[in-house]
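None of the figures in this text is laboratory data; all of them are computed from the coordinates on show. What you see is a predicted model; the values in this text were computed from it and never measured. Quick reminder, even Gly has a Cβ in these numbers, built from the backbone with ideal geometry, and neighbours come from all protein chains shown.
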Amino acid sequence: MSGIARIIMHWTAGRNAVSALDRQHYHFIIDGAGIVCEGDHAPEDNLGALREGSYAAHTHNCNTAAIGVALAGMAGAEEAPFKTGSYPLGEVQVEALAALCANLSKRYGIPVTRQTILSHAEVQQTLGISQRGKWDIAWLPGMAKPGNPVDVGDKIRARIAAAMGAAPAQIETPAVSSSPPSIQRGDVGELVTRAQTILSRLGFALGRIDGDFGRLTRAAVVAFQKAVGLPATGIITAATWVALLKWN
């Protein structure tokens, strides 16, 4: 058991770019382009006795053993009368959220239930912990106005479950010619950047997206390969490309 008990989903109430403050409060933040950015703290920092400044403080009285994931946006939004403000959430962010939570669910053994993967807006209603009127995430792109937080949460959980059901482990390995060339530690360039971007979106920590296949990128590749049932070689071969591109 990892000790991590749940994932709590938020929006930042800021712009669609990731800020330094966002990184302090959330383990992962998804920007307006759907790119997953790592926060200052690892999920494991929220285990045990929590000391101020040493963990991601994302949810009032509900931070212990909880991963905080946020969508960057909704600055200036108002619940009633509803307006999204100048930085609404985008569909690409919600898609990335489902993929990220699916990966975290598998990695930490967190079941997809109302009690274990939920939005900030659901915490008070579902867990009975007061949240001072928080309403993130009670609205999604395409909705005319905010809905019941649990109903909206159910929509997100359905997408997470669908992402988990589409696990790359079920894909047959194609011919090498149908996939990009293999890449490994020491390689640099556009293909490395492409792989790093997908790995980061899925929540595999690799530091910077810089097109340089270094030690951290190799570790992220190994973790991804283990998660999808591929040989953990650290080399992005045809089979690993297929698994990665499934999420792209």
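The table below gives the values:
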{"item": "Computed E for Arg114/Glu91 - FRET, C-beta separation, R0 22 angstrom, nearest 0.05", "result": "0.40"}
{"item": "Under the Debye formula (equal points on every Cα, no solvent term), log10 I(q)/I(0) of segment 6-165 at q = 0.19 Å⁻¹", "result": "-1.24"}
{"item": "Helix 149-165 vs. the chain, principal-axis angle (Cα, 0 to 90°, nearest 10)", "result": "10"}
{"item": "On Cα atoms only, tilt of 215-227 relative to the major axis of the chain in degrees", "result": "80"}
{"item": "Label-point separation, Ala17 to Asn148 (7 Å along Cα→Cβ), nm", "result": "4.0"}
{"item": "Relative contact order of the chain, pairs being alpha-carbon contacts under 8 Å that are 6 or more residues apart, as %", "result": "18"}
{"item": "Estimated 222 nm signal from helices in the chain, with DSSP H stretches of n ≥ 4 weighted -39500 (n - 2.57), rounded to 500", "result": "-9500 deg cm²/dmol"}
{"item": "Amide H contacts under 5 Å for Ile117, placed H, 5+ residues apart", "result": "Ile7"}
{"item": "Added length on full extension, which subtracts the Cα-Cα distance from 0.36 nm per residue, Ala57 to Thr233", "result": "59.8 nm"}
{"item": "Net lengthening on full extension, Leu216/Thr84 (0.36 nm per residue, minus Cα-Cα)", "result": "43.8 nm"}
{"item": "Degrees separating the helix 91-108 axis from the principal Cα axis of the chain, which is the longest one", "result": "70"}
{"item": "Approximate spin-label separation Gln24-Thr64, in nm, with each point projected 7 Å along Cα-to-Cβ", "result": "2.4"}
{"item": "Label-reachable residues, segment 96-115, where backbone N falls under 18 Å from a point 7 Å from Leu47's Cα toward its Cβ", "result": "104-111"}
